[in-house]
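**Student:** Here you go, one structure.
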Amino acid sequence: MPAENTTTPRENLPNTYTDIEAREIDFVNRFNLNWDALRKILGIMRPIRKTPGAQLMSVKAKTTLANGNVPEGAVIPYSKTNFTVVKKGDIEVEKYAKAVTIEEVNKYGAALAIEKSDNSFLVELQNKVLTNFYTFLKSGTLTSNESTWQRALAMAKGNVINKFNTMRMSVTEVVGFANVLDFYDYLGNAEISVQTQFGLTYVQNFMGYRTLILLSDPDIPRGMVVALPVENIDLYYVDPGDSEFAKLGLVYRVQGETNLIGFHAQGNYGTAVGEMFALMGMTLWAEYIDGIAVVTVSAD
């Protein structure tokens, strides 16, 4: 799943930047631009920053109304609200490093060796987060079986809307995930506009879905459809540029208002390599695991 090749031309960077600094800025810019594109595809409004020491949790409130038929002059009884705290766990801060050797630069040239290495590094980091998200989606507990792929697609959305209706919560738009071969098998010879961005293939406004993302096995196997409301998707992240990390002397290059990744490059004379370090803590999460519909196709 290659990432979209969105770059920041280095000739547009100030001359005061060194090659290392320009490379760091280029890397984090491309990573953030790709994730911004994904947020728009999924409909996530804004990532949620987790500060060091904070726990990821959600608080659910259920109010039981007291009798509202209160006699004139009588004390109005309070309605009772019960709160349930659901801990989501914690975000793992992931640390990665890679190196480009002098021998590789001598063989391929610095521009090619560094650019290819950085691009591959960026793609794998992005895919790591997405793979974890797809695995999480398939753990949705709103499950059912249907006889055809078309019914599975329709009922996945229907199950989501019905679930949130019972919770008296509104659903504005639903995002779906399906296998790309099932999609084209259903279409046959029909022509439909399919888009590709951030390395994702997707179609918009298809059978009532805001976006239907088309994946391959094992992300979404054939005969499976996953659906959830856009309101049920959150992106939590740890800021690699947090001052708490800087106190250790670890200063990573970050860029923009939302620092999803930190990047640092340096030369190591001891091993004659150029080292690259990445720090990120990101997780795509659904507020309600029972609000994720997972529908499988079965002929039985």
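**Student:** Run MET282 past the list (1) surrounded by fewer than 21 Cβ atoms within 10 Å (Cβ to Cβ); (2) closer than 24 Å to THR51 by Cα; (3) not hydroxyl-bearing (Ser, Thr, Tyr) and report the number of the one that doesn't hold.
**Tutor:** Tallying (1) surrounded by fewer than 21 Cβ atoms within 10 Å (Cβ to Cβ); (2) closer than 24 Å to THR51 by Cα; (3) not hydroxyl-bearing (Ser, Thr, Tyr), MET282 fails exactly one: (1).
**Student:** Shifting gears a bit: Determine which single condition ARG151 fails, assuming it passes every other condition in (1) out of contact with any strand residue (DSSP E or B) (no Cβ under 6 Å at 6 or more places or on another chain); (2) surrounded by 21 or more Cβ atoms within 10 Å (Cβ to Cβ); (3) basic (Lys, Arg).
**Tutor:** Of the numbered conditions (1) out of contact with any strand residue (DSSP E or B) (no Cβ under 6 Å at 6 or more places or on another chain); (2) surrounded by 21 or more Cβ atoms within 10 Å (Cβ to Cβ); (3) basic (Lys, Arg), the odd one out for ARG151 is (2).
**Student:** For segment 228-249, enumerate the residues that are surrounded by 15 or more Cβ atoms within 10 Å (Cβ to Cβ) and more than 15 Å from the chain's Cα centre (by Cα).
**Tutor:** ASP239, PRO240, GLY241, ASP242, PHE245
**Student:** Only helices (runs of 4 or more DSSP H) wholly contained in segment 149-248 count here; list those with 1 or more residues that are farther than 30 Å from VAL93 by Cα, in contact (Cβ under 8 Å) with a residue 40 or more places away in the chain and of a type in the set (A, V, I, L, M, F, W, C).
**Tutor:** In segment 149-248, the matching helices (runs of 4 or more DSSP H) lie at 149-166, 180-187.
**Student:** Could we say that PHE121 is of a type in the set (Phe, Trp, Tyr) and at pLDDT below 90 here?
**Tutor:** For PHE121, the condition - of a type in the set (Phe, Trp, Tyr) and at pLDDT below 90 - is not met.
**Student:** Which one is surrounded by the fewest Cβ atoms within 10 Å (Cβ to Cβ), of the residues in segment 154-175 that are of a type in the set (Lys, Arg) and at pLDDT 90 or above?
**Tutor:** Residue satisfying both the conditions and the ranking: LYS163.
**Student:** Kindly indicate which of THR283, THR296, THR271 is of a type in the set (Val, Ile, Thr) and either free of Cβ contacts under 8 Å to residues at least 12 places away in the same chain or in a loop (DSSP other than H, G, I, E, B) (or both).
**Tutor:** Exactly one of THR283, THR296, THR271 is of a type in the set (Val, Ile, Thr) and either free of Cβ contacts under 8 Å to residues at least 12 places away in the same chain or in a loop (DSSP other than H, G, I, E, B) (or both), namely THR271.
**Student:** Still on this model: Quick one: how many residues across segment 249-258 are in contact (Cβ under 8 Å) with a residue 40 or more places away in the chain and not charged (D, E, K, R)?
**Tutor:** 4
**Student:** Restricting to segment 266-300, and then to whatever is within 28 Å of ASN179 (Cβ to Cβ) and acidic (Asp, Glu), can you tell me which residue is farthest from the chain's Cα centre (by Cα)?
**Tutor:** Only one residue tops the list, namely ASP300.
**Student:** Just wondering, is there one or more residues in segment 242-264 that are at pLDDT below 85, in contact with a Leu (Cβ under 9 Å, 6 or more places away or on another chain) and under 19 Å from ALA156 (Cβ atoms)?
**Tutor:** no
The values are calculated or read from the model by the stated rules, or taken from the named source; none is laboratory data. These numbers come from a predicted model, not from an experiment. So basically every Cβ, Gly included, is an ideal-geometry build from the backbone, and we count neighbours across all protein chains shown.
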